[in-house]
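Please read the structure below before turning to the comments.
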Amino acid sequence: MNRQSAFAVACAVSATAALGVVASPVGAFTLAPGATIFTAPVSLDNFLDQVVNPDGSIGWVANDNAFQVDDKIFHEFVFQTACQAPGTPGSLTCDDIKDLPAVARPIGPTNPADITVGGSSNQLSLDSGHGLLFNDFWKADAGWGYDLALGFDVHIVEGSNKYIKDAHLGFVPEPVLDQGVITISEKITDPVTGVSLLDDNLFVDNLTSTVDGTEDWVDLIYPVKKLRVLKNIRLSGVDDLNPLLLEDAEASVIIQEFSQTVPEPGAVTGLLAIGSLSVGAMLKRHFGKKA
């Protein structure tokens, strides 16, 4: 290999190493044939298909539709509910209420068609970023319990140079704090490896007896182009300090937002410096052999 060829190869290796970090391919989101990307508020069932589970119960699986807010695509939605009845003699059971109209059910929502999904921008703070707003009559009447697993994947569109750096979560309790018990716990993982992107899960509640509050945010361990969110939303129709005291638990809006960052010039400069050292080492080895 001559001097010019050696130098060209070394430079190519250096450039590839730097670009691999600041612009690495991330498997851009591709819309499946016949699918739709929504940008205006729609009901959650637009992103889920109904299935019959082996036990005969109704379940929901993600379809190919997605929701876009700014440069973020939200897809692969998860919706799975659980019900706990009071258990007192003569009272309704979870099976008794499943066919009641939504407004007559003591817990909810039990159907994704009841939840409206829309875009949200900087609702939780001045720079909390873009995300989703889930609107419905979330409730567990006195003595009842409700649990919802709600999830989705987030993907930065191809061509954007931004990375997701943190996550924000909040909700609006109704009508006041300390009315029943409402908690939302959230984990965020890498959708490919399953590895957690948080040191601690996000957690919010409606209780003044705790330090959690109705809003929370956390930095990701490192910025990413895609992530997976899974929330556990629980409403209990009891008082938090006295479980024998029954109360209605109600909420209206749940907000999820993500702020973003772009690679800093200093990071790119550092990568180029490392690349330059690699060039020098390669050339030294090559011409040392020639001597």
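The values are calculated or read from the model by the stated rules, or taken from the named source; none is laboratory data. What you are looking at is a predicted structure, and each value in this text was computed from that prediction instead of being measured. Note that we place each Cβ from the backbone using ideal geometry, even for glycine, and neighbour counts take in every protein chain shown. Only protein heavy atoms, including side chains, enter the accessible area calculation; ligands, DNA and RNA are left aside. Shrake-Rupley method; radii C 1.70, N 1.55, O 1.52, S 1.80 Å.
In this label model, Leu241 and Tyr222 are separated by 4.7 nm, measuring between points 7 Å along each Cα→Cβ vector. Quick one: with all protein chains in place, what share of the accessible area of the stretch 42-277 is carbon or sulfur, to the nearest percent (1.4 Å probe)? That fraction is 54 percent. Annotation: amide H of Trp144 within the under-5 Å range of Gly237, sequence separation 5 or more or interchain, hydrogens built in the peptide plane. Calculated FRET efficiency, Asp96 to Asn232, Cβ-Cβ distance, R0 = 41 Å: about 0.95 to the nearest 0.05. Couplings 3J(HN,Hα) of the stretch 122-127, computed from phi: 6, 7, 8, 6, 5, 9 Hz, in residue order, whole Hz [Karplus 6.51 cos²θ - 1.76 cosθ + 1.60, θ = phi - 60°; x for Gly and Pro].
Across the stretch 243-254, coupling constants 3J(HN,Hα) worked out from phi with the 6.51/-1.76/1.60 Karplus curve, θ = phi - 60°, read x, 7, 8, 8, 9, 7, 10, 9, 9, 10, 10, 10 Hz, and Gly and Pro carry x. The 3J(HN,Hα) values that the Karplus relation (6.51, -1.76, 1.60; θ = phi - 60°) gives for the stretch 96-101 are, in residue order, 5, 9, 5, 9, 6, x Hz. Gly and Pro appear as x. In this structure the amide hydrogen of Trp60, modeled in the peptide plane, comes within under 5 Å of the amide hydrogens of Val51, none closer than 5 places in sequence on its chain. Evaluate E = 1/(1 + (r/R0)^6) for Phe137 and Glu158, where r is the Cβ-Cβ distance and R0 equals 25 Å; express this FRET efficiency to the nearest 0.05. Using R0 = 25 Å, I get an efficiency of 0.10. Between Phe38 and Ser57, the modelled labels are 2.5 nm apart [label points 7 Å from Cα along Cα→Cβ]. Between Asp49 and Asp190, the modelled label-to-label distance comes to 3.0 nm, taking each label 7 Å out from Cα in the direction of the beta carbon.
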